[in-house]
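Chemist: First the structure, which I've put down as structure tokens, then a few questions once you've had a look.
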Amino acid sequence: MSQIPRAERLIVALDVPTAAEARALADTLGDAAGFYKVGLELFSAPGCFELIAWLAGRGNKVFADLKLYDIPETVRRAVANLRGRGASFLTVHGYRSVMQAAAREKGDLKILAVTVLTSFDQSDLDEMGAAMSAEDLVLARARGAVETGCDGVIASGLEAARLKAAFKDRLLVVTPGIRPVEGKEQAKMRDDQKRTVDVAHAFAAGADYIVVGRPIREAADPRAAAVAIQETIARIFPATAAGA
């Protein structure tokens, strides 16, 4: 995945209530970010598709993080509706019938299968009756993603190394739950995220992209926070190997 443009490896989560706030954050970040995640919160707000068109018009890429999970025919039709609306990535839950339906209609969209949410740990899986560890469940769902024609997976940095060892470049690995190296002040940023890593750890483990929300959005200077992450990425991926 060395041909991914270096500046696009950071996906900034626009997890804000309104399209106006999302535009304001994108304006604040300027050229410090070029890839944005639009999730359920914004998709349920007025002006979401206009926002996506605005981002695309600026030359930004968009990740539609909808985590589709429904009967296959409904998923298929939803993906068909979303195709060509300006997004590059779309998420679905990592169940075989859902992944198959999405892959069938993806066109130019890249379909990413959600393996295990980074807000879940083993106790959550035990409560759900899962019969395997979080890491083994991530691997099993990733295998299903390959077999059904998906393009990548959403997985924590804790599983990225095993994913890359098992599937090489057959799957993109997109890693959310990115948090700073913890100190007293940073610890509170974990919030509802349980399986977290920092930027360097995520890429060292094999992530192709990282998704960062609160550490940028809630920073005293969001642009400076994004620039700092881009500088870390630049050190990890030299320009000659980064597609930059």
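Chemist: Longer than 21 Å from Cα to Cα, which of 110/164; 61/168; 67/168; 37/168; 106/164; 37/164 are they? Say none if no pair is.
Modeler: Working: 110/164 18 Å; 61/168 24 Å; 67/168 24 Å; 37/168 25 Å; 106/164 23 Å; 37/164 23 Å.
Among 110/164; 61/168; 67/168; 37/168; 106/164; 37/164, the Cα-Cα distance tops 21 Å for 61/168; 67/168; 37/168; 106/164; 37/164.
Chemist: Projecting each Cα onto the charge dipole of region 1-121 (Lys/Arg +1, Asp/Glu -1 at the beta carbon, about the Cα centre), which of 33, 95, 66 comes out farthest on the positive side?
Modeler: Value computed over the given set: 95.
Chemist: Quick one: net charge of residue 152's neighbours, Cβ under 10 Å, K/R +1, D/E -1? Mind showing how you got there, number by number?
Modeler: Working: positive: 110, 170; negative: 151, 208.
In short, 0.
Chemist: Also, I was wondering about something else. Over region 36-120, what portion of Cα pair distances is larger than 20 Å, expressed as a whole percent?
Modeler: Working: 1098 of 3570 pairs.
Beyond 20 Å sits 31 percent of the P(r) for region 36-120.
Chemist: Any idea what the dipole of region 10-71 comes to, in debye rounded to 20, about its Cα centre with Lys/Arg Cβ at +1 and Asp/Glu Cβ at -1?
Modeler: Details: 5 positive and 8 negative charges, 33 e Å.
It comes to approximately 160 debye.
Chemist: Between residue 132 and residue 83, what is the label-point separation in nm under the 7 Å Cα-to-beta-carbon projection?
Modeler: The modelled label-to-label distance comes out at 3.0 nm.
Chemist: Which far-off residues, 5 or more places away or on another chain, put their amide H under 5 Å from the one on residue 36, with H placed in the peptide plane?
Modeler: Distant-sequence amide H within range of residue 36: 12, 61, 62, 63.
Chemist: I need the phi-derived Karplus couplings for region 93-104: 6.51 cos²θ - 1.76 cosθ + 1.60, θ = phi - 60°, integer Hz, Gly and Pro marked x.
Modeler: Along region 93-104, the couplings run 6, x, 9, 3, 5, 5, 5, 4, 5, 5, 5, 5 Hz.
Throughout, read-outs are computed from the coordinates displayed, never taken from laboratory work. These figures come from a predicted structure and were not determined experimentally. As a convention, Cβ positions derive from the backbone with ideal geometry for all residues, glycine included, and neighbour counts pool all protein chains shown.
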